[in-house]
1. Cα atoms only: what Rg and Dmax, in Å, come out for the chain?
2. Could you calculate the contour length gain from residue 287 to residue 245, that is, 0.36 nm times the residue separation minus the distance between their Cα atoms, to one decimal place in nm?
3. Treating the beta-carbon of each Lys and Arg as +1 and of each Asp and Glu as -1, no other charges, what is the dipole magnitude of segment 15-88 about its Cα centre, to the nearest 20 debye?
4. To the nearest 10 degrees, how steeply does helix 190-200 sit against the main Cα axis of the chain, on a 0 to 90 scale?
5. Using the number of other C-beta atoms within 10 angstrom as an exposure proxy, rank 126, 74 with the fewest first.
6. Collect residues whose amide H, placed 1.01 Å from N in the peptide plane, falls under 5 Å from the amide H of residue 74; neighbours closer than 5 in sequence don't count.
7. Report the paramagnetic label zone for residue 272: residues of segment 125-149 whose backbone N is under 18 Å from a point 7 Å from Cα along the Cα-to-Cβ axis.
8. So if a site counts as exposed when it's one of the trypsin sites (Lys or Arg not before Pro), its DSSP state isn't H, G, I, E or B, and it has at most 16 other Cβ atoms within 10 Å, what's the longest stretch of the chain without one?
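Read the figures in this text as sums done on the coordinates, not as results from a lab. Worth saying up front: this structure is predicted, and the values here are computed from it rather than measured. With ideal geometry, Cβ positions are generated from the backbone for all residues, glycine too; neighbour counts draw on all protein chains shown.
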Amino acid sequence: MSTKMYRVGLVGYGRIAESAHLPAWQALPGVEVVAIVDPCEERRGAASDAAPTARTYESCAEMLAETTLDCLDICTPPHDHTPSILAGCDAGVGQIVCEKPLAASIVDYNTIADAQAGSGSQVYTINSWVQSDLHRLVTAAVADGAIGDVRHVTLRTLRPDCALGVSSWQPRWRTDPSYAGGGIVLDHGWHQLYLMARWIGADPTSVRARLRTVQSVHAPVEDEAELDLSFPNATGRIELSWASANRTNDGEIVGTRGTIKIEDNQLSINSDRGARVVRYGERLSDSSYHPEWFQALFANVRADVHRHEGVRNLREAYMLVSTLFAAYQPARGAAQLDVVSASA
């Protein structure tokens, strides 16, 4: 029986790496985090404390020049995603996982897709909410026909502030477009959109967005947004705020035979079959990290049982990038989307 370890290198050691990525990898048998990159000396020290056997590096290029990896895990702010992915493809790393949003533009997306195709690397966006109780329970109810055909989905994420980064490096980087690429639409809208599209079973055809900044601490990026989306046989609405008095997730899924009300800790399903309540293991808004979701996701990536999942994931990323960046376009009216011509 082979004892070969699956070797992982982390790029970026901020809060999401410290609280979710590294613990998830460390919980998986047969996995060794062998290298961690961070430009901040203090964060490299924290990484060494958490993973004593891992070597630390100041740059991704330095790590890739000295280390052989099975997986490159990119946990940096969005401005660094494309350069790190391209470096991983160029180095021939077999599997590359990257935090959302995968790319800062359609041009960057196509560059990534071309590099992935040319290198043979598998590139996955970390769509962690797919591993949530919310996704599992709603998907099962929809597949079972509990509410008939889905015709409308509303998803709402409310927070009193953006998630803060580490104090030693740009703690409010999410409000700086040079690092984040945008505001709450990219930070939370990414997750809400792939959940919505999966439950509806189609890609959006148009998006109309209203974006605003209501608290000066978040300027110049948007801290509140409403996105109205059209699908071939359904509609969707995403409501987002970093300026809420409360921290919660909720929404509603309307079908031809009933509804599913999404609450922070339960689903209420009402249809012609009757009414029932299904509770989650934890409140959706209790944590920004959910390491157990990442552990399940990384286990699937490592197993690589279904090679087509990498293709499907990259295709989904095209839909997400094209839709969310269309929402930022200043033109009035609904932006029509080309969501079927991904170069991947």
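1. Using the Cα atoms of the chain, the pair Rg, Dmax is 19.9, 62 Å.
2. On the way: separation 42, 0.36 × 42 = 15.12 nm, distance 1.68 nm.
Going from the current span to full extension adds 13.4 nm.
3. On the way: 4 positive and 12 negative charges, 28 e Å.
Approximately 140 debye in magnitude.
4. Value to nearest ten degrees: 50.
5. Numbers: 126 24, 74 28.
Ascending number of Cβ neighbours within 10 Å: 126, 74.
6. 11, 97, 98, 99
7. Answer for segment 125-149: 142-149.
8. Details: sites that count: 4, 172, 247, 257, 273, 283, 307, 332.
With trypsin sites (Lys or Arg not before Pro) excluded where exposed in loops, the chain gives 5-171 as its longest stretch.
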